[in-house]
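The values are calculated or read from the model by the stated rules, or taken from the named source; none is laboratory data. This structure is a prediction, so every number in the text was calculated from the model and none was measured. FYI the Cβ positions are ideal-geometry reconstructions off the backbone, even for glycines, and counts take in every protein chain you see.
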Amino acid sequence: SLLLVAEPEGIFAMPDPTVPESDIKALTTLCDLADRELVVNIGWAKHIPGFPSLSLADQMSLLQSGWMEILILRVVFRSLALEDKLVYAEDYIMDEEQSKLAGLLDLNNAILQLVKKYKTMGLEKEEFVVLKAIALANSDSMQIEDSEAVQRLQDVLHGALQDYEATNHPEDPRRAGKLIMTLPLLRQTAARAVQHFCSIKQDGRVPMHKLFLELLEAKA
Amino acid sequence: KEKHKILHQLLQNST
């Protein structure tokens, strides 16, 4: 219940209508959107029960490892109702054509593979919010100071998922496990995304805001 | 930590 309340509203991409469509424009829009989403997601993390009790250093380490997984999982959940399209924001939905134009066809196809998995399972909002918190708590940072505290956070979230499934999906006792088993693909896809945006950063043609840059650099 | 000052600031904000 606390995670459902903490779930942030979607934000708008607001692509500049005066700029003609191009790969640079699409990537600029996405990087600006990601930067603003990250601010929102850091605020969200503080509402995960147990997260604020971690040391500041461990909170930072988990976010530095897991931020892209959180961004992608949010796009995936928003896209469940559509067919072969990614809802980066309510006013920014990418189809195959736009993905090609932005040079994001491979990455977006990988994200669509996740969408397909969750569609097949009928992922619910309750499951999505817990899974997202688990992705953060389980982001496997190498810099954790108090790994027992992080383990306790993982256990609490894992327990919440198991309780939810026991109550709401007693017909499928393996549903919680099935959901956890989607996390490797999320990790893999996030790693691809980070790699892709690191090379865009090195190109230097797309302006990026400071928080997005800071977190990309934490992954470099 | 100096390298990650925006994240640090956002986590420290009370909101």
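Among residues of segment A:22-38 that are without any contact (Cβ under 8 Å) to a residue 12 or more places away in the chain, those with a beta-carbon under 9 Å from a residue that is among the hydrophobic types (A, V, I, L, M, F, W, C) and in a loop (DSSP other than H, G, I, E, B) at least six positions away or on a different chain give the pairs A:K25/A:V19; A:K25/A:A102. Here the condition is being touching a Ser or Thr at 6+ places or on another chain (Cβ under 9 Å) and among the acidic types (D, E); of A:D140, A:D155, it holds for A:D140 alone.
Screening A:I48 with (1) without any contact (Cβ under 8 Å) to a residue 60 or more places away in the chain; (2) of a type in the set (V, I, T); (3) not in a helix (DSSP H, G or I) gives one miss only, at (1). Among the residues of segment A:35-64, those that are of a type in the set (G, A, S) and more than 15 Å from B:H8 (Cβ to Cβ) comprise A:G50, A:S53.
Would you pick out the residues in segment A:195-220 that are surrounded by fewer than 18 Cβ atoms within 10 Å (Cβ to Cβ) and away from chain B (no Cβ under 14 Å)? If the condition is that a residue be surrounded by fewer than 18 Cβ atoms within 10 Å (Cβ to Cβ) and away from chain B (no Cβ under 14 Å), then A:Q195, A:H196, A:C198, A:S199, A:K201, A:Q202, A:D203, A:G204, A:R205, A:P207 are the ones that fit. Across segment A:1-35, the qualifying residues are those that are within 14 Å of another protein chain (Cβ to nearest Cβ) and either among the hydroxyl-bearing types (S, T, Y) or under 13 Å from the mean Cα position of the chain (by Cα) (or both), and the one among them that is surrounded by the fewest Cβ atoms within 10 Å (Cβ to Cβ) is A:P8. The sole residue among A:A166, A:A191 that is of a type in the set (G, A, S), under 17 Å from A:I72 (Cβ atoms) and either loosely packed, with under 15 Cβ neighbours inside 10 Å or modelled with pLDDT under 95 (or both) is A:A191. If only residues of segment A:81-109 that are surrounded by fewer than 18 Cβ atoms within 10 Å (Cβ to Cβ) and among the aliphatic types (A, V, I, L, M) are counted, the one that is nearest to A:A193 (Cα to Cα) is A:L105. Restricting attention to segment A:170-220, the residues that are polar (S, T, N, Q) and under 19 Å from the mean Cα position of the chain (by Cα) add up to 4. Here A:V87 passes the criteria (1) assigned to a helix (DSSP H, G or I); (2) under 14 Å from the mean Cα position of the chain (by Cα) except the one numbered (1).
Return yes or no: is A:L136 within 14 Å of chain B (Cβ to nearest Cβ), crowded, with 16+ Cβ neighbours inside 10 Å and within 21 Å of A:P8 (Cα to Cα)? Yes.
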